[in-house]
1. Step by step: first the residues of segment 57-98, then only those that are of a type in the set (D, E, K, R) and open to solvent by 90 Å² or more (accessible area, probe 1.4 Å), then the one that is modelled with the lowest pLDDT. Which residue is that?
2. For the subset of segment 118-156 comprising residues that are in contact with a Leu (Cβ under 9 Å, 6 or more places away or on another chain), assigned to a helix (DSSP H, G or I) and of a type in the set (Val, Ile, Thr), which member is surrounded by the fewest Cβ atoms within 10 Å (Cβ to Cβ)?
3. Against the condition modelled with pLDDT under 85 and open to solvent by 70 Å² or more (accessible area, probe 1.4 Å), how does Glu572 come out, does it pass?
4. Quick one: how many residues across segment 257-283 are open to solvent by 50 Å² or more (accessible area, probe 1.4 Å) and closer than 16 Å to Met408 by Cβ?
5. What is the residue count in segment 416-430 for residues that are part of a helix (DSSP H, G or I) and open to solvent by less than 20 Å² (accessible area, probe 1.4 Å)?
6. Return the pair list, or none, for Cβ contacts closer than 7 Å from residues in segment 409-438 that are assigned by the TED database to the domain that holds Val252 to residues that are in a helix (DSSP H, G or I) and surrounded by fewer than 22 Cβ atoms within 10 Å (Cβ to Cβ), at least 6 apart or on different chains.
7. Which count do you get for residues in segment 292-305 that are open to solvent by 60 Å² or more (accessible area, probe 1.4 Å) and not charged (D, E, K, R)?
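The values are calculated or read from the model by the stated rules, or taken from the named source; none is laboratory data. Quantities reported herein were computed from a predicted structural model and do not represent experimental measurements. Note that each Cβ is placed from the backbone with ideal geometry, even for glycine, and that neighbours are counted across all protein chains shown. With ligands, DNA and RNA removed, areas are computed over all heavy atoms of the protein, side chains included. Shrake-Rupley method; radii C 1.70, N 1.55, O 1.52, S 1.80 Å.
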Amino acid sequence: QITTLINHKDKPKRSDKTLQAIQRVGQAVNLAVARFVTVGEAIADENHELKEEMDVACIEAKRAGETIAQLTDVASLYHAESDSHITIFTDKTGIVKAARLLLSSVTKVLVLADRIVIKQIITSRNKVIATMEQLEKVSSFQEFVQIFSQFGNEMVEFAHLTGDRQNDLKDEKKKARMAASRAVLEKCTMMLLTASKTCLRHPDCESARINKDGVFHQMRLALEQVIEIVTDSRSNGENELASISIYSGIKVFKNKVEGLRENLYFLSKENLSTMLEIILEHTEDFTDSAYTSHEHREHILELSKQAKMELEQLFSVWMQAKLGRSSLNNLCVAFMLMEMSSSYKKNICIYIYSIYKYIYKYLKGGSEEDGALLFSVVASNRTRGNGHKLKHQKFHRNLRKHFLTVRMCRLLRHVSGTEPLEITCIHAEDTFQVTGPQIISAAETLALHPSSKIAKENLDVFCEAWESQLSDMSMLLREINDVFEGRRGEKRVYLSLPRPGKHNTNLKALKPVKLDTEEQAKIAKLGLELHLLTCEVDSETEKWEDQENKFVQHVQGMSSMAYSMYLFTRGEGLLKTTQDLFHQAEIFAAEGTKLASAFHGFSDQLHDDGKPLLLLESEKLIPMCQQLQITVKTSVQGKSATFTKV
């Protein structure tokens with residue numbers, strides 16, 4: 001609107017329609033500023049330390065808005081010129097000054113509001129840290145339950161604040177780091193619960209203490225990283241570590257080579273040689289892998305040899321160009337040859353994709369028994385008096401899965417395709433590095449206390465965390481593959497971000513409802529339970545060899561719907577409003593009824609003991625689906641009733 005006013009062409013003849021249109025724009029600007037200022041003043045009243053600065057910025061914005069309204073007032077045009085009434089038509093500089101003042105003051109209000117948001121996140125983090133310190137020192141179950149309840153509420157508040165912040169971040173790398181830190185905190189909350197309970201039940205157990213300390217350490221690192229991102233700082237003045245992957249190496253290398261087009265003395269021959277050498281060293285992660293076929297290994301080595309030859313050819317033409325003995329065209333040909341270096345990434349990505357399915361199947365195969373196997377092996381070593389040595393052959397074979405996941409993350413990082421995905425690969429590698437030893441310490445505790453239900457539950461939780469990270473890794477591979485097949489650009493699409501023009505385009509903007517702490521905790525708990533159930537369902541469907549089976553596909557579709565409802569409880573995903581949620585629940589119930597009918601039909605084909613059991617379970621589904629449909633169709637009004645329905 002401001003741009004429309006400034007760019008308006010002053011014509012000798014002005015129709016009433018033009019005058020009215022300009023006046024409407026001026027009034028619209030003034031009204032928008034007034035609404036904006038009202039919000040700013042409300043923020044100032046709640047934050048006294050910034051009230052004075054915020055009030056000054058709001059007054060400036062209001063004054064600028066009123067000036068714009070006066071300058072575009074049609075009534076002013078009908079006064080005599082001697083009355084000295086200045087309008088947009090008599091003096092355009094006035095509107096320009098007012099617009100500058102308005103934009104400046106609006107920016108001040110936004111910056112001040114941003115400082116308040118950062119302060120809220122830091123305050124929330126400090127509360128979480130303080131409660132964590134209490135949880136570490138607690139010595140009784142009753143006290144632990146009481147403090148953990150408070151901790152849960154504080155974590156919910158922190159999750160909401162950081163989730164909003166993640167959506168607001170413009171830097172895709174920071175978004176990826178924030179998402180990684182928030183994922184660690186979410187997964188660690190459950191692990192902290194069982195690890196702490198195990199430690200309380202077995203206070204003299206060293207492995208239980210190590211297990212608990214590891215979770216607390218992970219959470220502290222994640223909390224610290226969130227604050228670094230929010231405040232745009234690094235602890236101890238550290239600089240962000242340079243990326244070390246084939247993807248980033250080739251990107252930098254190509255940029256440096258391109259720089260030679262503009263300046264032949266841009267960098268030295270030695271620097272360019274070193275850069276290529278580092279890229280070639282990274283390919284050893286592939287050539288040294290036991291899972292690389294002889295054919296792939298030979299192809300990668302041939303590409304490495306070819307790249308060295310092309311670099312030597314570039315050096316030759318480059319040196320001649322410096323001496324004036326070579327034309328620019330020859331140099332361009334050399335540049336084109338060096339472009340072939342990017343075929344490294346493409347060929348290696350094809351190689352990874354070809355072996356990944358095999359590795360993923362191996363990792364998933366028998367993973368349900370991993371916890372039991374770890375326990376039995378550790379227990380066996382304990383009874384033999386081997387202590388912490390754990391030299392059982394089967395145990396070491398089982399640990400291969402841990403090392404293989406770490407290795408796979410490193411390979412994926414090399415061909416990530418985008419910087420945010422590279423960050424996600426690094427996060428996945430770090431998570432597997434930490435989770436592996438934690439599973440071992442949890443298994444050691446159970447081996448020492450084989451009848452302990454809490455120790456068994458703790459081991460299960462850590463194994464589930466490993467499984468969850470493995471599923472995330474599979475999704476990560478699909479994203480990387482999408483990049484290489486051109487199905488996505490450099491930027492990531494986050495489900496929690498509204499996408500204009502796709503959903504609810506004809507609806508008026510709905511005012512978000514602010515939940516109190518107790519309501520937030522309740523909805524977060526229900527959402528987490530739903531998420532855990534979807535994980536169980538996905539785990540069961542993945543056991544089926546025939547993924548095309550109609551039952552498997554039907555259940556996977558329902559699991560996807562349930563997961564979208566879980567994302568709704570976090571303020572993320574495609575379900576933006578309660579109406580979206582209710583509509584999704586209605587479809588979910590209908591799909592459940594269809595599934596029950598399909599199971600009933602399938603039971604006719606059975607003639608063994610499984611038939612009555614299947615009929616019993618499918619009949620349970622029908623009343624559950626009916627109850628959900630009744631709840632969805634129940635009309636409600638007001639915040640409390642809507643919350644209860646949700």
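1. From segment 57-98, those of a type in the set (D, E, K, R) are 60, 62-63, 66, 73, 81, 83, 91-92, 97; that's our starting set.
Add one more test, that the residue is open to solvent by 90 Å² or more (accessible area, probe 1.4 Å), and what stays is 63, 81, 97.
Details: Arg63: 91, Glu81: 49, Lys97: 86.
In this case the residue turns out to be Glu81.
2. Only one residue tops the list, namely Ile129.
3. Working: modelled with pLDDT under 85: yes; open to solvent by 70 Å² or more (accessible area, probe 1.4 Å): no.
Judged against the criteria, Glu572 is not a match.
4. Start the filter on segment 257-283 by keeping residues that are open to solvent by 50 Å² or more (accessible area, probe 1.4 Å), which leaves 258, 261-263, 265-266, 269-271, 274, 277-278, 281.
Then keep just the ones that are closer than 16 Å to Met408 by Cβ; that gives none.
Matching residues across segment 257-283 total 0.
5. Here is the first cut: in segment 416-430, the residues part of a helix (DSSP H, G or I) are 419-430.
Still in the list and also open to solvent by less than 20 Å² (accessible area, probe 1.4 Å): 420-422, 425, 428-429.
Number satisfying all stated conditions: 6.
6. Taking only residues 6 or more apart or on different chains, not a single pair turns up.
7. First, the residues of segment 292-305 that are open to solvent by 60 Å² or more (accessible area, probe 1.4 Å): 294-295, 297-299, 301-302, 305.
Filter once more, so that each one left must be not charged (D, E, K, R): 294, 299, 301.
Going through segment 292-305 one residue at a time, the tally reaches 3.
For (1) surrounded by fewer than 15 Cβ atoms within 10 Å (Cβ to Cβ); (2) under 37 Å from the mean Cα position of the chain (by Cα); (3) more than 21 Å from Ser560 (Cβ to Cβ), each residue gets a yes or a no:
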| residue | (1), (2), (3) |
| --- | --- |
| Asp580 | no, yes, no |
| Lys594 | yes, yes, no |
| His600 | no, no, yes |
| Met624 | yes, yes, no |
| Ile630 | yes, yes, yes |
| Thr642 | yes, yes, yes |
